[in-house]
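The values are calculated or read from the model by the stated rules, or taken from the named source; none is laboratory data. Computed from a prediction, not measured in an experiment: that's the story for all the values here. Virtual Cβ from ideal backbone geometry, glycine too; neighbours counted across all protein chains shown.
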């Protein structure tokens, strides 16, 4: 959502690109991406960003312009906003694994075509009920896993974090563009017109993938990107990962619940719908001016858990201000700014912490569970936000969000910060399962290697290493003995 919603700018993967050293963030690799990596990074970021733009555009405006449908109700608006999250949640992992079997491009193209069909259904919808059908079909085009896997296929291991960060920038930019552009577009072309625009953009993206994206003929799925079903049960028992996964679920639940009624709240406070985009842009920019220095301070002081709790407090205070001063426009803008400070910070920090806590060789599976929580949270937020809004109005939604955030703050009491690590993937010669186990033991005994997982069927070793202590030369010496 949102594979993440995601964040704004490169901060989505800040901790993946930068490695703290002596309290200062420095680049983990001084090498630069080659032309092939740059081209694929920009292309995949554009494709992913356009698709997410199509999902985001409807969020800031459906509560207002959805009143033109004959079956309008807050409940149906909420379901329409969050419906895509249901199919995304169920299909995200299977579509990623399918791309391992039949290839990345077929899955990406099929997903974009499904998204196009869903957009056409929603564009031609005579009722909100049919808009919901269209949104469900949009969500069925769950291509995030396949796109990230393709990014891993075409990039060298040391450059993958930069490629992933570029894709994250595309997602973040699409969210900002949606907040700013949606009110203007809805004013001139309506909700139906927005869906026609997303249908055209996704169809063009599918053609672009067919014509210009080159994928390896044989790509072995990286466990750091693609989920492995056998690992799911064990990872769901990891309480530290569950705290992060529940956190992202709550984060996107409150986001979608908020958008069910807040646009109407702005109109009631005296702000015409055509000015909503500018209001969102100003509050997002101000929120970044607050959030970025705070994030850098947290990274330098290594106060990650404190930072997460403070981010949640920003959300809580923002919602409290909105609920308390719902008819006063300046107070509403303050509340929105505080909300975006907390949201943007958590959206950047939670996946970074997930990467630190996930076992070596299991990041893909942990991320798959994480995004399932994320999308399902978006679905629940729209559905519950609509139901609560219909029952008790806008303030009832705010109170519900505040209570939910307070509950998650209690969950964070057992959260622990992992020391910063970097992931390393190594190619190995063919070996037996017994030899793989011995290799894993030998790797973990090397200086700087925190965890090692050797998968002999893939002829690959996955490491979590301390970048201050890790000695690549020692690993090469060990592997040369095996070869």
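Taken over the range 423-436, the criterion of being loosely packed, with under 15 Cβ neighbours inside 10 Å and not in a helix (DSSP H, G or I) is satisfied by 427, 429, 430, 432. Restricting to the range 465-482, name every residue that is touching a helix residue (DSSP H, G or I) at 6+ places or on another chain (Cβ under 7 Å) and part of a loop (DSSP other than H, G, I, E, B). Once the filter is applied, which keeps residues that are touching a helix residue (DSSP H, G or I) at 6+ places or on another chain (Cβ under 7 Å) and part of a loop (DSSP other than H, G, I, E, B), the range 465-482 yields nothing. Scanning the range 401-422 for residues that are outside any helix (DSSP H, G or I) and closer than 16 Å to residue 241 by Cβ yields a total of 5. Only one of the numbered conditions (1) at negative phi; (2) within 27 Å of the chain's Cα centre (by Cα) is not met by residue 434, and that is (2). Residues in the range 238-269 that are surrounded by fewer than 21 Cβ atoms within 10 Å (Cβ to Cβ) and over 22 Å from the mean Cα position of the chain (by Cα): 264, 267, 268, 269. With respect to the conditions (1) within 23 Å of the chain's Cα centre (by Cα); (2) crowded, with 16+ Cβ neighbours inside 10 Å, residue 419 lacks only one, and its number is (2). Please verify whether residue 91 is modelled with pLDDT of 90 or more, under 19 Å from residue 225 (Cα atoms), surrounded by fewer than 24 Cβ atoms within 10 Å (Cβ to Cβ) and under 21 Å from the mean Cα position of the chain (by Cα), treating the condition exactly as stated. It is true that residue 91 is modelled with pLDDT of 90 or more, under 19 Å from residue 225 (Cα atoms), surrounded by fewer than 24 Cβ atoms within 10 Å (Cβ to Cβ) and under 21 Å from the mean Cα position of the chain (by Cα). Determine if the range 448-464 includes at least one residue that is at pLDDT 85 or above, outside any strand (DSSP E or B), over 31 Å from the mean Cα position of the chain (by Cα) and surrounded by 13 or more Cβ atoms within 10 Å (Cβ to Cβ). No, because not a single residue in the range 448-464 is at pLDDT 85 or above, outside any strand (DSSP E or B), over 31 Å from the mean Cα position of the chain (by Cα) and surrounded by 13 or more Cβ atoms within 10 Å (Cβ to Cβ). Candidates are the residues of the range 437-447 that are buried (at least 16 other Cβ atoms within 10 Å of the Cβ) and touching a helix residue (DSSP H, G or I) at 6+ places or on another chain (Cβ under 8 Å); the one that is nearest to residue 474 (Cα to Cα) is 446.
Listed by position, the helices (runs of 4 or more DSSP H) contained in the range 100-195 that have at least 3 residues being surrounded by fewer than 22 Cβ atoms within 10 Å (Cβ to Cβ) and modelled with pLDDT of 95 or more are 104-123, 128-140.
A single member of 375, 343, 339, 379 is crowded, with 20+ Cβ neighbours inside 10 Å, out of contact with any helix residue (DSSP H, G or I) (no Cβ under 6 Å at 6 or more places or on another chain) and part of a helix (DSSP H, G or I), and it is 343. Checking each residue in the range 312-336 for being in a loop (DSSP other than H, G, I, E, B) and more than 18 Å from residue 278 (Cα to Cα) picks out 325, 326, 327.
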